[in-house]
Amino acid sequence: MKQEALDRLFDSLTDREKLAEMTQLVTSLLTGREDMATTGGSLEASLLRSDLDSVGTTLNCFGAAESRRVQDEHLAANPHKIPLLFMADVIHGYRTVFPIPLAMGCSFDCEAARESAEIAARECSAAGVQLTFSPMADLVRDPRWGRVMESTGEDPWLNGKMAAAMVRGYQGGDYEKTGVIGPGHVAACIKHFAAYGASEAGRDYNTVDLSEGMLREYYLPAYLAAVRAGVCMAMTSFNTVDRVPATVNRPLLRGILREENGFDGVVITDYGALYETLAHGACADKREAAKKAIEAGVDIEMMSTCILEHGEELMREDDGIRQAVDEAVRRILALKNKLGLFENPYKDADEEREKALLLCPAHREAARRIAGESIVLLKNENHALPLREGMKIGIAGPFARSRSVLGSWALAGTDGVSLLEGLREAWPQAELRTAMDGELGSLFDGVTDVEDKIDEACAALADCDVILAAVGENQNDTGECSSKTDLRLTKNQRRMVKRLCALGRPVVLVVFSGRPLEIRGEAEQCAAVVQAWFLGTESGTALADVLTGRVNPSGRLAMSFPQTVGQIPVYYNRMNTGRPRLTNGQADRFITRFIDCPNEPLYPFGYGLSYTKFTYSGLRVERSGDGWQVCVTVRSEEGPEGTETVQLYIRDCAASRVRPLQELRGVQRVRLLPGEEREVRFTLTEDDLAFWNGEAFAAEPGGFLAMAGGSSDKLLTAPFSL
Ligand code: BGC
């Protein structure tokens, strides 16, 4: 629609209609057709039919037929024929489900993230979704928090690259040039702004309290990378930032997001988050909540109605509020226009398209390939893996046959391929035997363990050549509001692993989880450890690819694995403290450490093995133009063709603010033939050395280190200076 027509439309709206345009409700509330699916409290408001007909956006409508019907009904009742905008959580795929984002982070492959987002957009747009509440760019350090599975990990640089790639995948590569979300694409929403990942003790929705430097250097960069990639929408977070709930936080939303970083898209609250500011004790009543949200720069209130109920009165009293409401409504209409909804309110919703695209072979093939890249091999003693054809293989544990491997937030997904099914497909002739394979229920259903069938399992698998222990946590115990304090495997799973190891056969631990679990004891006992996360539709096939050696593992941890829960938070980009060691020759009594556990995580960020041994040499830093070239040679020393994830880190040795020991600044995935050697080059600029000095991002002159290698704990080092 042309701007003049859009302006005329805007001018024809009453105040009440503008406020309804700023309100988002679940589709079932609008149609009254189904039970309302909620993740928050119930709506405490009595809404007029005319309000429902004027509501601007809706969430959780799935399927082309239903979304077209809802749109038709809406257009018939809406006095201005303004189309409804359909939003949903399409977090890691639609019907074809990709690995959970934390696993995707472990691929260190932004192109894979882009491709998976593009496929998700193609599928969900055919099913009537026009905007996805993704990517989630919350930096995460605390695996007790269930939502770490939605993030791409603990590193701001990698999270930023991943988020930007996903935005481009959803919105289409042309969007930044044309400003149009084309066919097969959807608008994206960066969330949860801001710092939701820093919830105290990993308890969901809990208080966040960060210094400005921590906020700006660690927590904000990934959201802002998505803003630079043109993301259309931003969602506020449930938590407080500097003791003000993010949803009514004016310095955060209007200040940092809009004014400092030029975000001109739509800001939406999280689910019911505005009403929750009353419980926070930040607003006395709904009227105050509405006022503060409008002033802070909120455009859409999701699943509460403070703005709708009190906005008219506020607009009458205060011209500033009237102006802010007008700007918000213009932004919402502009978003609908970018999606082409005024010309085609159904966008890509089409039953035929849906049938042709959902779970089509090409999408499944991509899901399998990307799942394969997301698997992380953590231990492989005596070449326990890959398995060899003809082996008698035992598979024990709750994930041997489980198809509940999509991971949380796979709202439109169906079953995934189980580990057993994947192995059967890879080696139809192989002797595969399962034991103690009853599924592990959810803590939400009061299930705390699997049934003990350890004696039977040991008897059944005693003569196997190798045993896969397929263990983990129920997928429903990960994701939103799934915080845990005990990250160990359940007691019966731990006992099962121990007894299987005592059989004297090599045991391969295959861990299905939405977070780094505490697996130190089991990892010590087993010959090999494979982190399988929740890999989506093609979980079993992708795992079989890696276990049988058809795919050489290349995943690297995007989040550190703790030795024990007591170490948390444990992350690679930490500061040194004044006492990393004592320099006066005294015993290491008074240094920064635990007396019952090492400081180092069990497995650090960037760590992951391959069936190939890669070696590094010849790291050098050269001045080039305004920046530097960092060169390092990587060689495939032993083993099959494989992909090595070459990582570049920097350290600022002394500065006016204490700097982390390591900060990731470059990643290159390099495919090498046996014996092949390649020089890998990275470019560093002054921006890569900058940090928040209290007023701005700037680099300070002095000494730096460049570090390169295949894991954050095993790097070559070369000095350079600015
Ligand atoms: C979650 C968001 C999600 C929203 C809509 C909330 O509970 O925090 O991540 O996008 O619900 O489903």
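Quick notes on this one:
- Based on DSSP H segments of at least four residues, each scored -39500 (n - 2.57), the chain has a per-residue ellipticity at 222 nm of -8000 deg cm²/dmol.
- Least to most buried among His280, His74 (fewest other Cβ within 10 Å first): His280, His74
- Shape class of segment 398-540 from the Cα gyration tensor (axes a ≥ b ≥ c, square roots of the eigenvalues): oblate, since a/c reaches 1.5 or more and a/b does not exceed b/c.
- Nearest-0.05 FRET efficiency for Glu622 and Glu327, computed from C-beta distance (R0 45 Å): 0.35
- Rounded to the nearest 20 debye, dipole of segment 21-354 from Cβ charges on Lys, Arg, Asp, Glu: 340
- Summing charges over neighbours of Ser402, with a neighbour being any other residue whose Cβ is under 12 Å away from its Cβ, gives -3 when K and R count +1 and D and E count -1.
- Residues Trp157, Trp409, Trp533 in ascending order of nearby Cβ atoms (within 10 Å, fewest first): Trp157, Trp409, Trp533.
- Placing a pseudo-label 7 Å from each Cα along the Cα-to-Cβ vector at Ser50 and Thr414 gives an inter-label distance of 4.6 nm.
- For Gly566, the shell of other residues with beta-carbons less than 11 Å away shows a net charge of -2, using +1 for Lys and Arg and -1 for Asp and Glu.
- Highest-first arrangement of 448-457, 62-71, 188-197, where packing means the average Cβ count within 10 Å: 188-197, 62-71, 448-457
- Taking Cα centre as origin and charging only the Cβ of basic (Lys, Arg, +1) and acidic (Asp, Glu, -1) residues, the dipole magnitude of the chain rounds to 1600 debye.
- Listed by Cβ neighbour count within 10 Å, with the fewest neighbours leading, Leu411, Leu274 appear as Leu411, Leu274.
- Electrostatic tally near Leu139: other residues with Cβ closer than 14 Å to its Cβ, Lys and Arg +1, Asp and Glu -1, net -1.
- Inter-label distance, nm, simple model (7 Å from Cα along the C-beta direction), Thr615/Thr577: 3.6
- For the chain, the Kirkwood radius over C-alpha pairs fed into Stokes-Einstein at 4 °C and 1.567 mPa s yields D = 49 µm² per second.
- Within the straight-line cut-off of under 22 Å between alpha carbons, the lysines reachable from Lys498 are Lys379, Lys392, Lys453, sequence neighbours fewer than 8 places apart in one chain being disregarded.
- When you restrict to C-alpha pairs under 8 Å that are six or more residues apart and normalise by the size of the chain, the relative contact order lands at 13 percent.
- Nearest-20 debye value, segment 613-721 charge dipole, Cβ charges on Lys, Arg, Asp, Glu: 160
All of the numbers you see were taken from the coordinates with simple rules; none came from a lab. Remember, predicted model here, so these are calculated numbers, not experimental data. Neighbour counts are summed over all protein chains in view; Cβ atoms, including those assigned to glycine, are modelled from backbone coordinates with ideal geometry.
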